[in-house]
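Enquirer: Structure incoming, see below.
Laboratory data are not the source of any read-out in this text; all were calculated from the coordinates shown. As the structure is a prediction and not an experimental result, all values here were calculated from the model. Note that each Cβ is placed from the backbone with ideal geometry, even for glycine, and that neighbours are counted across all protein chains shown.
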Amino acid sequence: MANSALVLSGIDAYYGDSHVLQKVSFELGEGRLLGLLGRNGAGKSTCMNVSVGLLPPRAGVVEVFGTPVTRLPPEQIAARGVALVPQGRRVFKSLTVRENLIVAARDKDAATRHANWNAATVFAMFPRLAERANQLSAHLSGGEQQMLAIGRALMANPRVLLMDEPSEGLAPQIVAEVMTTIRKLKESGLSIVLVEQSPKLVFDIADDIVILNSGRVAVVSTAAALKNDGVDLRQHLGVF
Amino acid sequence: MNFWLLLTINSITFGGLLFLLSSGFSLIFGLMRIPNLTHGSMFMVGAYLGSTFLSGALGFTSDFWVAAILSAIEVAVLGALMERLLLRRLTGQPLAQVLVTLGVSLMVADLCLMGWGGDPISVETPAGLGGFVRAGPAVFPLYRMAIIVIAVVFAIALWLLLERTRLGAMIRAGVDDPQMARVVGIRVSQLFTIVFGLGAGLAGFAGMIGAPILSIYPGLDQDMLPLALVVVILGGTGSLLGSFVGSILIGFIYNFGQALLPELAYFVLFLPMVIVLVVRPQGLFGGQVL
């Protein structure tokens, strides 16, 4: 595998007394796309929250390009090149589309080799956002908000992009657009974790797959190796 | 006729002062979810400090406006220090925040009593603004007109800061979703300090600007704090427009209530607050439920 962009190692995380991640370990290679799969409540979003510093783990280590970031506050983890497209989009609703982008703007890091993102390049990728640049983001459709959430994450010129169920609640045509965007981002060399409930969306695009089951890592494999292996998928996801 | 006009001018003037006081209070609550009960103290301390600059007790006598700006800066620094040293340690503990800010406000009141005594202090109207403006049969005090202009200028400046700058967009993002703001790299804790200092400074400035009208006395803080609370509940937390509209409304309700129904002045003042809390708990222009 290439150099590690993001490593979660032996993570134990809790919500109150509820032990939601139990010794979770996986690794995202640089320039690769890791599909993180699991049923509802398996701990996928919690992995994202731990990675961006929203939920400090009780045990274990998070590393970004070899540097430990465990228990750093979210803004410092963002400064190290980790960006999140959160579940439910969570765009800033009292801000315009343009303002949503500029508040997240960060100069390109010297270590970042891929595209240099700014409002103009984000608008070029999502022309519909350009048309609505001065509208409040609260007035956007679900698909447009998803594009804005992706654009906002890109404005930080991240080295690691975490995408938490970007297809959730979107019409099939919009889902296809979002997946095309993710494919382009992968081709640009960005290291990506794609969280999804639907394996069908992930298998075509991912290099590696991690399946979580009840807060534990159940499967770690390449997508190619798993594609034809129906047993594990049925057992952990109840599909195929 | 003159009575009603004067009452109207007084209401708008008082609304202007309330706006300077409550806009900071509203931003602090909207961004940090801290009900800062020291906000009335900031108003009073600003007035006391300003009067000291004016009196020459420090070895120099300053101009009224210089005194107002110096006291605003000092109160802003005090507010920022309080946020850094006390309130930051109580993040996510609203009851502790209420108790600490209440305790600090009582301590500040005692310190002010010790430092400036119990007698009311009168502050002269600044030079050149002591006269009146005549418009036909009506006569308007010049200083009150100046307060209205100052409040409008500050409202526009604050609007430009919040709506037309990246810092303002970051503050609004922090009000919208503080967690997500941090995830996109906004240093929300720095914003907290800036907003707390700004809010405190505005309150201190308002204290000095209001001193020639209200005078300065022990208990001024406790008189002003409920008014700021009512404004914010009425207008909505974190909303500049809400603070502005709420301040003018309360300015009218307070002054007309005092003049026409003095025995029911507080009833008239707090009734709109009760109604808004029950019918529209996010206030007239706010996005968050109090």
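Enquirer: Rounding to the nearest 20 debye, state how big the charge dipole of chain A is about its Cα centre with +1 on each Lys and Arg Cβ and -1 on each Asp and Glu Cβ. Could you put the intermediate results ahead of the total?
Expert: On the way: 25 positive and 22 negative charges, 51 e Å.
It works out to roughly 240 debye.
Enquirer: Obtain the nm distance between the two label points defined at A:Ser188 and A:Ala224 by a simple spin-label model: each point lies 7 Å from its Cα along the Cα-to-C-beta direction.
Expert: Label at A:Ser188, label at A:Ala224, 2.6 nm between them.
Enquirer: Still on this structure, I have one more. Among DSSP bridges having both ends in chain A, what percentage is antiparallel? Round to the nearest 5.
Expert: The antiparallel proportion sits near 55 percent.
Enquirer: I'd like the distance separating the alpha-carbon centroids of the stretch A:135-195 and the stretch B:101-164, in whole Å.
Expert: Their Cα centres are 50 Å away from one another.
Enquirer: So how do A:Arg89, A:Arg39, B:Arg164 line up by other beta-carbon neighbours within 10 Å, fewest first?
Expert: Working: A:Arg89 25, A:Arg39 16, B:Arg164 10.
Going from sparsest to densest Cβ surroundings: B:Arg164, A:Arg39, A:Arg89.
Enquirer: A further question follows. Which shape class applies to the stretch B:189-239: rounded if a/c is under 1.5, otherwise prolate when a/b exceeds b/c and oblate if not, where a ≥ b ≥ c are the square roots of the Cα gyration tensor eigenvalues?
Expert: It is oblate, given that a/c is not under 1.5 and a/b is not larger than b/c.
Enquirer: Taking a ≥ b ≥ c as the square roots of the eigenvalues of the Cα gyration tensor of chain A, is the shape rounded (a/c under 1.5), prolate (a/b larger than b/c) or oblate?
Expert: Here chain A falls in the prolate category.
Enquirer: Can you give the relative contact order of chain B as a percent, counting alpha carbon pairs under 8 Å and 6+ residues apart?
Expert: 37
Enquirer: At 20 °C and 1.002 mPa s, what whole-number value in µm²/s does Stokes-Einstein give for the translational diffusion of the stretch B:2-218, with Rh from the Kirkwood sum over Cα pairs?
Expert: 117
Enquirer: Separate question: With springs only between Cα atoms under 10 Å, which of A:Leu194, A:Leu33, A:Leu54 fluctuates most in a Gaussian network model of chain A?
Expert: Highest fluctuation among the options: A:Leu54.
Enquirer: What list do you get for B:Phe19, B:Phe192 if you sort them by fewest beta carbons within 10 Å?
Expert: The most exposed by this proxy come first: B:Phe192, B:Phe19.
Enquirer: Angle, helix B:240-260 long axis vs. longest principal axis of chain B, Cα atoms, 0 to 90°, nearest 10?
Expert: For helix B:240-260, the angle is close to 40 degrees.
Enquirer: Here's something else I'd like to know. On a straight-distance basis, which lysines could pair with A:Lys186 in a cross-link, Cα separation under 23 angstrom, same-chain partners fewer than 8 positions away excluded?
Expert: Of all the lysines, those that pass the test against A:Lys186 - Cα under 23 Å, at least 8 places apart if same chain - are A:Lys44, A:Lys108, A:Lys200, A:Lys227.
Enquirer: Okay, moving on. For peptide B:161-172, how many partner chain Cβ atoms fall within 10 Å of a residue's Cβ, on average?
Expert: Going residue by residue through B:161-172 and averaging, the value is 3.
Enquirer: Moving on. Label point 7 Å out from B:Ile213 along Cα-to-Cβ: which residues of the stretch B:1-29 have amide N under 15 Å?
Expert: Counting only backbone N, you get B:5-23.
Enquirer: Right, another one. Just how far, in whole angstrom, is the stretch B:26-76 from the stretch A:19-62 if you go by their alpha carbon centroids?
Expert: 48
Enquirer: Angle, helix B:142-164 long axis vs. longest principal axis of chain B, Cα atoms, 0 to 90°, nearest 10?
Expert: 20
Enquirer: For A:Lys23, which aspartates and glutamates qualify as cross-link partners when the Cα separation must be under 17 Å and same-chain residues fewer than eight apart are set aside?
Expert: A:Asp12, A:Glu63
Enquirer: I've got another one for you. By its C-alpha gyration tensor, with a ≥ b ≥ c as the square roots of the eigenvalues, how is the stretch B:73-172 shaped: rounded for a/c under 1.5, else prolate for a/b larger than b/c, else oblate?
Expert: Oblate.
Enquirer: If R0 is 51 Å, what FRET efficiency do you get for A:Ala79 and B:Leu7 from their C-beta distance, rounded to 0.05? List each step's numbers first, then the result.
Expert: Details: r = 55 Å, r/R0 = 1.08.
About 0.40, to the nearest 0.05.
Enquirer: Quick one: helix B:64-85 against the long Cα principal axis of chain B, what's the angle to the nearest 10°, folded into 0 to 90?
Expert: Rounded to the nearest ten degrees, it is 20.
Enquirer: Provide B:His39, A:His19, A:His236 in ascending order of the number of other Cβ atoms located within 10 Å of each residue's Cβ, fewest first.
Expert: A:His19, A:His236, B:His39
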